[in-house]
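J.: I'd like to ask some things about the structure below.
The values are calculated or read from the model by the stated rules, or taken from the named source; none is laboratory data. If you're wondering where the values come from, they're calculated on a predicted model, not measured in any experiment. Note that each Cβ is placed from the backbone with ideal geometry, even for glycine, and that neighbours are counted across all protein chains shown. To get the accessible areas, we keep the full protein, side chains included, count just its heavy atoms, and leave off ligands, DNA and RNA. Shrake-Rupley method; radii C 1.70, N 1.55, O 1.52, S 1.80 Å.
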Amino acid sequence: MSIEKRTQVGIIGAGPSGQLLARLLHRKGIDVVVLERRSREYVEGRIRAGVLEQGTAAVLELAGAAERMRTDGLEHDGFLIAFDGRVARVDLQKYGNSPVFVYGQTEVTKDLNRLNEADGIPVHYGVEVTTIRDLDGDAARIVYKVDGKEHELACDYAAGCDGYHGASRRSMPDSILREFKKTYPFGWLGVLSNTRPASHELVYSNHSRGFALCSQRSTSVSRNYIQVPADERVEAWSDDAFWDELRRRLPAEIADPLETGVSVEKSIAPLRSFIAEPLRCGRLFLVGDAGHIVPPTGAKGMNLAASDAAMLASSLGAFYADRDSRGLERYSETALDRIWKAERFSWWFTMASHRLSDNPFDLRMQVAELDYYTGTRAGLTSIAENYVGLPIEDPVTGGTIP
Ligand code: RFL
Ligand code: PHB
């Protein structure tokens with residue numbers, strides 16, 4: 001493996017934020033090198049998010065990576081919230097002026113990988129970054145290991161796109177970094193199956209036994225989730241036990257016709273809220289999960305990764321084109337403004353839809369809350385505009401991206 005010694009922007013991590021940032025910068029004529037710890041097969045095989053905001057779709061368009069999403073993605077104009085034995089619909093077009101796209105993160109990652117490879121963007125797999133040094137020096141130095149030997153990549157700027165457990169955030173000095181965290185006492189057991197989706201639109205269900213979500217990847221592939229205790233083991237759940245429990249948590253009109261089948265993938269994801277501040281230290285910027293985590297209830301994780309990448313790409317673009325550093329200076333503050341709002345929506349939707357305690361008061365309060373939100377124009381507008389995604393501000397101009 002021959003890895004460059006110097007580049008303009010060194011990118012750590014080849015998940016959606018790293019690959020998208022690499023592509024946006026490459027199209028502006030900026031040199032990048034991407035270093036990824038895992039193999040390409042591993043990165044492309046991870047089953048994660050499924051819903052793209054309109055703004056994410058527009059950023060993929062800007063990156064020239066939206067073609068398959070447009071042909072294979074499913075446009076959804078609304079979604080359903082089941083609670084208290086009834087089903088309410090959130091009309092995204094009517095109250096949020098936009099649809100969302102059901103198109104898996106796995107597919108987004110594959111599209112970006114294929115296009116970046118075709119364009120000759122250097123993405124090196126199996127390269128573990130250990131730290132980033134000299135954040136305030138003439139060049140940042142990304143230190144990585146290959147076959148046990150240490151090497152360095154020097155760059156003008158380093159983009160930490162290496163997720164929650166990556167090396168980038170840990171390279172920022174404790175004296176400047178503040179972390180805000182909330183861990184929920186439950187996780188999501190997710191099952192992917194080659195079965196017809198429970199409903200044409202996604203169903204989020206609040207039930208006294210716990211939360212459930214019926215999502216999908218296509219008209220013949222389902223992705224369903226149920227709330228489980230945080231310390232639950234995936235081995236404890238047979239396919240039959242999963243389907244039985246899912247059915248119990250859904251209203252009869254959705255549960256009765258539900259098609260069940262063998263699981264293709266089954267895993268448990270913990271739920272947490274996390275934000276690091278600031279997202280910049282000298283020549284290092286944090287992007288996506290490296291800087292923040294949302295519980296998946298609002299479907300915001302990958303969308304925030306895309307909006308961060310778009311904001312940083314615009315900021316670096318202005319710097320290399322015109323030596324305009326306004327965006328670089330405002331990236332952290334501008335991105336955090338949107339992140340805290342998405343974090344709020346994800347927290348709110350989680351707290352309104354999951355079983356929180358044995359106290360019946362809590363459940364009645366959730367029912368009153370969901371009744372109010374789905375029964376008033378103000379409530380529906382609030383849910384819809386958050387779900388379809390708030391505008392992405394350009395840190396350079398203060399306008400909207402794209
Ligand atoms: P990623 O996707 O975690 O990618 C980070 C990449 O960095 C690599 N890496 C390193 N590379 C080099 N050196 C190191 N030291 C490195 N350390 C790490 C990793 O191998 C990886 O390839 O972050 P990114 O790009 O910011 O993208 C964020 C999204 O992936 C994430 O927000 C969502 O997937 C979150 N998420 C979900 N979001 C949703 O909206 N809906 C979901 O249903 C949903 N399910 C999930 C999820 C995240 C999960 N995680 C993180 C465990 C389910 C799971 C299980
Ligand atoms: C998914 O399809 O994996 C999915 C959809 C919506 C969410 C979370 C996950 O809120």
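J.: Just to be sure before I move on: is residue 43 in contact with a Gly (Cβ under 8 Å, 6 or more places away or on another chain) and closer than 25 Å to residue 152 by Cα in the structure I sent?
T.: yes
J.: With the condition being within 14 Å of ligand 2 (Cβ to nearest atom) and surrounded by 14 or more Cβ atoms within 10 Å (Cβ to Cβ), I'd like the strands (runs of 3 or more DSSP E) fully within segment 183-290 carrying at least 2 qualifying residues. Please lay out each step first, then the result.
T.: Working: elements: 203-205, 212-218, 221-229, 263-277, 284-286.
Hits in segment 183-290: 203-205, 212-218, 221-229, 263-277.
J.: As an exercise: evaluate residue 304 against (1) touching a helix residue (DSSP H, G or I) at 6+ places or on another chain (Cβ under 9 Å); (2) among the aliphatic types (A, V, I, L, M); (3) touching a residue at least 40 places away in the same chain (Cβ under 8 Å); (4) assigned to a helix (DSSP H, G or I) and give the number of the one condition it does not meet.
T.: (3)
J.: Considering segment 305-334 alone, what residues qualify as being under 13 Å from residue 280 (Cα atoms), open to solvent by 10 Å² or more (accessible area, probe 1.4 Å) and touching a Leu at 6+ places or on another chain (Cβ under 7 Å)?
T.: Matches in segment 305-334: 332 only.
J.: So for segment 127-146 (the condition being surrounded by fewer than 21 Cβ atoms within 10 Å (Cβ to Cβ), closer than 28 Å to residue 21 by Cα, touching a Ser or Thr at 6+ places or on another chain (Cβ under 6 Å) and touching a residue at least 24 places away in the same chain (Cβ under 8 Å)), does at least one residue qualify?
T.: Scanning segment 127-146, I find at least one residue that is surrounded by fewer than 21 Cβ atoms within 10 Å (Cβ to Cβ), closer than 28 Å to residue 21 by Cα, touching a Ser or Thr at 6+ places or on another chain (Cβ under 6 Å) and touching a residue at least 24 places away in the same chain (Cβ under 8 Å), so the answer is yes.
J.: Of everything in segment 376-402 that's assigned to a helix (DSSP H, G or I) and open to solvent by 60 Å² or more (accessible area, probe 1.4 Å), which residue is nearest to residue 54 (Cα to Cα)?
T.: 385
J.: Within segment 91-99, does at least one residue satisfy the condition of being of a type in the set (D, E, K, R), within 16 Å of ligand 2 (Cβ to nearest atom) and either at pLDDT below 95 or farther than 24 Å from residue 322 by Cα (or both)?
T.: No, segment 91-99 contains no residue that is of a type in the set (D, E, K, R), within 16 Å of ligand 2 (Cβ to nearest atom) and either at pLDDT below 95 or farther than 24 Å from residue 322 by Cα (or both).
J.: A further question on this structure: Scan 88, 57, 63 and give me the residue that is within 29 Å of residue 267 (Cα to Cα) and either charged (D, E, K, R) or crowded, with 21+ Cβ neighbours inside 10 Å (or both).
T.: Of the residues listed, the single one that is within 29 Å of residue 267 (Cα to Cα) and either charged (D, E, K, R) or crowded, with 21+ Cβ neighbours inside 10 Å (or both) is 57.
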